[in-house]
Amino acid sequence: MADPTTYRPKPGEIPTDPGVYRFRDSHGRVIYVGKAKSLRPRLSSYFQDITALHPRTATMVTTAASVEWTVVRTEVEALQLEYSWIKEFDPRFNVKYRDDKSYPFLAVTMGEEFPRAQVMRGAKRKGTRYFGPYGHAWAIRETLDLLLRVFPLRTCSSGVFKRAASSGRPCLLGYIDKCAAPCVGRVTADEHRAIAEDFCDFMAGNTTRFAKRLETRMKEAAAELDFEQAARLRDDIGALTKALEKQAVVLGDGTDADVFALADDDLEAAVQVFHVRGGRIRGQRGWVVEKESEDLPSLVEHLLQQVYGDADRDAVPREVLVPTVPTDLEAVTEWLTSVRGSAVSVRVPQRGDKRTLMETVRRNAEQSLARHKVARAGDLTLRSRALQELQDYLGLDDAPLRIECYDVSHVQGTNVVASMVVFEDGLARKSEYRRFIVRGAASTDDAGPSRNGRGELPATVDDTAAMREVLTRRFRRYLEEAEGVGDLDLSTGVVGASDAEADTTGGRAADTGVAGTRVSGGAIDEDEGPSSSGPIDPETGRPRRFAYPPSLVVVDGGLPQVNAAQAVLDELGIEEVALVGLAKRLEEVWLPRDDHPVILPRTSEGLYLLQRLRDEAHRFAITFHRQRRSKAMTTSQLDGIPGLGASRQKALLRHFGSVKRLRAADVTDIMAVPGFGRSLASAVVNHLAEGAPQQPAVNLTTGEVLE
């Protein structure tokens, strides 16, 4: 823990302009990002009497080792820069909005030649239109099933689509007229795209013209005595009507609005939003956040950043109804207006239908908070207890806030891989996970032993040797990268910026609106910019991956694996990292050079945490091993040619299209491919001419023909 007075900037050094500030820890990681209308009073508030600070704020300022700030021109620029940095750095002390459940969307892949309607979750993809979110996936499927009568859009996967195209027979939906069957040519690609566009228009709220069009066609069919067609159109109108009935009208004036509401207690807040389009509720979404020291106006402001930060202009409605006015109402309104491209109103409803709807959303937020507290009661307490128990049972100086766990996976010593998973504050941090290809005892450097044409290792490796190699590579990288962390004085945390550095300006002003940068607690290189939350590799410009040491290393295994891992740490001179092993048979915890294990109680939260680490490392390792094994079992006629690796094989096949065409090429033709000289081209021609089997490449696991 650092003393905030060691890196506290002088009040006269801090500008009074708008800006964004970042607190960094002793390893250079960004742990908090904030913005201010005036930087001087805001930053000074962090360095008052520590007993007067909120407990989490006090923890943040004592964890930090330096503070830096960037001056911008306007409050809107500060808002935009704050959001982009929070998203990029993922600071541990900023509020994190976690969905209280995973919300599905109805997605139409307009970027494909034949658009497909399907249920989607997770990150949004470019070229895909999304509708929702919905409360349940079955609600999407039910709505989609109704609308396919009117809009026979493709819903099948790529594999089903290709099989139908090759066989000339559509799937069941094609036979019952719920798909236009573009796979067998019943409609052209343009006709199918027109169906998809009509479907998207209907889902976007333009419903009236479709109902009128069907009604007109039904009357025409009845006038022509085509009663079967008229009956089908009548049923289609009924399907549209039923789909519309599922979306209740809540605002009679057809308003487009997003309605936000919060329910909170001393520790957490639940947020709900109803997306209203054309007066109807089109979707609902919710989050649960840790309040920490945030007041409600700040929560609302950060919530709007989260929802609309990456949104396109169509996702921002004309009205945003909130339970309380955000901290910087004018800046938020101006920012949303710039995103939408037209005026946006952010306000608190006072009466009428909108106030009634706000109360409905608030009741949903209260129920969400109650469910969350039941489902995750004591989660923070249990995590703290688990870390405290590990500190006590293992005799550590501090609670292990960063834990790394390693596991090795292989089949009889072949295709050996390893995994590294990271837990911070008792929670998985998947962005820090790493995978290793074990190269064998011959090498622990970047060269590695030679491999055959399929990338297989020439010899097998046992678990202990593999663990030793992986830890050597990981901690050797840590030592190398820690030496090049930069100009931050990590040992003292004393204010180290010179007068010249204090006047650094303009380095990124052209693209970010940054007017100047200043650092307290250490100097930074202005050329780096806000590109990473930690040390930067000066050659690649990317963050260093292994620059942060763990508090505790866990290996999957007993005393042999633990002693092998400890030998690595001893060789590299690393003394500040604790090490344990978790044996599967009796769940004993082994310490280095100790003949007797530590037995944690079966109900210990610390043991549960170690088990979750071990199981997650095992899952991550075995998944990677299966990928490697599947790849190693794929054979090709180009395997075994000296100097022809996987990349050049792909280049050849990309250039010629198939091995059959490559076999007909001569040396000059092959030399036209980038990366091929005469000797390598001759080797390829000779290999294919010397009786290489006349057969395509085959995946030996599935039997699939690859070429």
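The values are calculated or read from the model by the stated rules, or taken from the named source; none is laboratory data. Just so you know, these numbers come straight off a predicted model, no measurement behind them. Note: ideal-geometry Cβ built from the backbone for every residue, glycine included; neighbour counts use all protein chains shown. These accessible areas exclude ligands, DNA and RNA; they are computed on the full protein's heavy atoms, side chains included. Shrake-Rupley method; radii C 1.70, N 1.55, O 1.52, S 1.80 Å.
Tabulated data for the structure shown
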| item | result |
| --- | --- |
| Residue check for residue 54: of a type outside the set (D, E, K, R), farther than 20 Å from residue 295 by Cβ and modelled with pLDDT under 85 | no |
| Test set (1) at pLDDT 80 or above; (2) closer than 26 Å to residue 627 by Cα; (3) in contact with a helix residue (DSSP H, G or I) (Cβ under 6 Å, 6 or more places away or on another chain) - residue 707 fails condition number | (1) |
| Any chance residue 397 is more than 22 Å from the chain's Cα centre (by Cα), open to solvent by less than 30 Å² (accessible area, probe 1.4 Å) and among the acidic types (Asp, Glu) | no |
| Checking residue 188 against (1) open to solvent by 70 Å² or more (accessible area, probe 1.4 Å); (2) of a type in the set (S, T, N, Q); (3) modelled with pLDDT under 75, the condition it does not meet | (3) |
| Selection count, segment 136-161, where residues are in contact with an Asp or Glu (Cβ under 8 Å, 6 or more places away or on another chain) and of a type in the set (Val, Ile, Thr) | 1 |
| Segment 206-221 residues that are at pLDDT 80 or above, paired with ones that are of a type in the set (Lys, Arg) (beta carbon under 6 Å, 6 or more apart) | 218/234 |
| Failed item in (1) within 24 Å of residue 607 (Cα to Cα); (2) assigned to a helix (DSSP H, G or I); (3) modelled with pLDDT under 85, with residue 377 passing the rest | (2) |
| Hits in segment 581-616 (condition: among the basic types (Lys, Arg) and open to solvent by 40 Å² or more (accessible area, probe 1.4 Å)) | 584, 585, 593, 602, 612 |
| Test for residue 88: is it modelled with pLDDT under 85, farther than 20 Å from residue 299 by Cβ and surrounded by fewer than 22 Cβ atoms within 10 Å (Cβ to Cβ) | yes |
| Near pairs, Cβ below 9 angstrom, 6+ apart or cross-chain, from segment 102-122 (free of Cβ contacts under 8 Å to residues at least 60 places away in the same chain and hydroxyl-bearing (Ser, Thr, Tyr)) to any residue that is open to solvent by 60 Å² or more (accessible area, probe 1.4 Å) and in a strand (DSSP E or B) | 109/129 |
| Of the criteria (1) touching a helix residue (DSSP H, G or I) at 6+ places or on another chain (Cβ under 8 Å); (2) crowded, with 21+ Cβ neighbours inside 10 Å; (3) among the hydrophobic types (A, V, I, L, M, F, W, C); (4) under 28 Å from residue 93 (Cβ atoms), which one residue 416 fails | (4) |
| Selection within segment 328-363 - surrounded by 18 or more Cβ atoms within 10 Å (Cβ to Cβ) and polar (S, T, N, Q) | 333 |
| Qualifying helices (runs of 4 or more DSSP H) (wholly inside segment 626-677; at least 2 residues being closer than 30 Å to residue 419 by Cα and polar (S, T, N, Q)) | 646-656 |
| Some residue of segment 376-384 being within 29 Å of the chain's Cα centre (by Cα), under 29 Å from residue 29 (Cα atoms) and open to solvent by less than 30 Å² (accessible area, probe 1.4 Å) | no |
| Breaking point among (1) more than 29 Å from the chain's Cα centre (by Cα); (2) within 24 Å of residue 145 (Cβ to Cβ); (3) at pLDDT below 80; (4) open to solvent by 10 Å² or more (accessible area, probe 1.4 Å), for residue 277 | (1) |
| Residue match in segment 617-627 (condition: surrounded by 15 or more Cβ atoms within 10 Å (Cβ to Cβ) and either of a type in the set (Ser, Thr, Tyr) or in contact with a Cys (Cβ under 8 Å, 6 or more places away or on another chain) (or both)) | yes |
| Any hit, segment 332-350, residues being touching a residue at least 40 places away in the same chain (Cβ under 8 Å), of a type outside the set (S, T, N, Q), assigned to a loop (DSSP other than H, G, I, E, B) and closer than 19 Å to residue 78 by Cβ | no |
| Members of segment 28-58 that are within 27 Å of residue 399 (Cβ to Cβ), open to solvent by 60 Å² or more (accessible area, probe 1.4 Å) and in contact (Cβ under 8 Å) with a residue 12 or more places away in the chain | 50, 54, 56 |
| Residue ID - farthest from residue 177 (Cα to Cα), chosen from residues in segment 214-232 that are of a type outside the set (D, E, K, R) and surrounded by fewer than 16 Cβ atoms within 10 Å (Cβ to Cβ) | 223 |
| Considering residues of segment 686-695 that are open to solvent by 30 Å² or more (accessible area, probe 1.4 Å), under 12 Å from residue 637 (Cα atoms) and part of a helix (DSSP H, G or I) only, the residue modelled with the highest pLDDT | 687 |
